[in-house]
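The values are calculated or read from the model by the stated rules, or taken from the named source; none is laboratory data. Here the structure is a predicted model, which means the values were calculated and not measured. Glycine gets a Cβ as well: all are built from the backbone with ideal geometry, and neighbour counts include every protein chain shown.
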Amino acid sequence: MAAAPTLILGLETSCDETAAAVVRRDADGTGTILSNVVLSQVKDHAPYGGVVPEVAARAHIRHISVLVGTALAESGVETNALSAVAATAGPGLVGGLLVGHTFGKGFALARDLPFLAINHLEGHALTPRLLGPCPFPYLLLLISGGHTQFQLVRGVGDYQRLGTTIDDALGEAFDKTAKLLGLGYPGGPQVEALARLGNGQRFDLPRPLKGRPDCNFSFSGLKTAVREIVQAQTVLDDDTRADICASFERAVVETVADRTRRAMALFREACPDSETPAFVVAGGVAANAQLRTMFAEACATHGFRLAVPPFDLCTDNAAMIAWAGAERFVLGIRDGLDNAARARWPLDSVSAPLFGHGRLGAKA
Ligand code: KG4
Ligand code: ZN
């Protein structure tokens, strides 16, 4: 008789998306998303130019219950057929985390289901395995509004941080550039659209940490350089705005290309027997077309297989949390109802912390 599939209800409330999903994992490791409901709060936060933790937590409380009902109804899975409930327990904004995490524990307790506390970053890290075969080990680059890090993914719960940002996250650098230019929030897509119209050679911006033997990032100097250019303009016309965006994007692509080459070399040193490992890119910034083109070239040159999940699975969602729950569930992992949510929770508990690594209140 075939082994019963694992059916997991996942909840995600670590930042400004309230999300619920039901995912199935068959005994052979195949994943299927049965429902994936995401309610973005972007409109609630746009007037403030960034995420306001208190506003986010209150919105999660308003929506979580309805979203879980919708995710269950759309999946067609009866509550009593679920194997477990998985909720993001960190890292993120603690007010928001508490909502999904407490809801998940209450749901599990009321239905007598096992509970799984999920690291949000592990959700991003394991997503490619939900979409198809992606054997360990592989190289992960997470580029979002709160995180910029390379991880060597050896297995479920087994990560080695290769590099991270020592100051701002890459998405934050896009958002701050957009703000300096008077563009809306989130800024990444708008900077990218304007960059297409501009001349990337016009302004000479720094390539922070380029050439360094590690694969860390730094974006605060780039942001300062953009600010100085903006302040030096007597008139900030549309052409100048587009040229600044194009120059910024070119500096970013060259910097990330250099850091990616280093990360690939460090991965090879650590895993010399891995023939064509995957290079997984996740997080909202992975939507950027220039970066994607560069990643494809780097993979072709260095013998990696590029795996970028579709945009809605690159950004925050609960299917990735349910899937991480399924991967942990089949390994026999369970968490107690005394599990606590935590704002800070690095994936790799061994490497020395750097500022940008699983940092307090950071969006992942
Ligand atoms: O993963 P995500 O949706 O949210 C979290 O940070 O968790 O990432 C959002 C970030 C924002 O900083 C946004 O400006 C950036 O991703 N972003 C982009 C693009 N689309 C979104 N950055 C550059 N180019 C884009 N096309
Ligand atoms: Zn995230």
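Computed values, structure above
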read-out: Counted residues, segment 108-154 - those being assigned to a strand (DSSP E or B) and not aliphatic (A, V, I, L, M); value: 8
read-out: Leu183 within 15 Å of ligand 1 (Cβ to nearest atom) and part of a loop (DSSP other than H, G, I, E, B); value: yes
read-out: Tally of residues being assigned to a helix (DSSP H, G or I), at pLDDT 95 or above and surrounded by fewer than 16 Cβ atoms within 10 Å (Cβ to Cβ) across segment 269-312; value: 9
read-out: Residue in segment 186-208 that is of a type in the set (Asp, Glu), modelled with pLDDT of 95 or more and within 16 Å of ligand 1 (Cβ to nearest atom) present; value: yes
read-out: Residue within segment 167-176 that is in a loop (DSSP other than H, G, I, E, B), aliphatic (A, V, I, L, M), within 16 Å of ligand 2 (Cβ to nearest atom) and crowded, with 23+ Cβ neighbours inside 10 Å present; value: yes
read-out: Qualifying residue in segment 66-85 (condition: under 22 Å from Ala340 (Cβ atoms), away from ligand 2 (no atom under 16 Å from the Cβ), under 24 Å from the mean Cα position of the chain (by Cα) and outside any strand (DSSP E or B)); value: yes
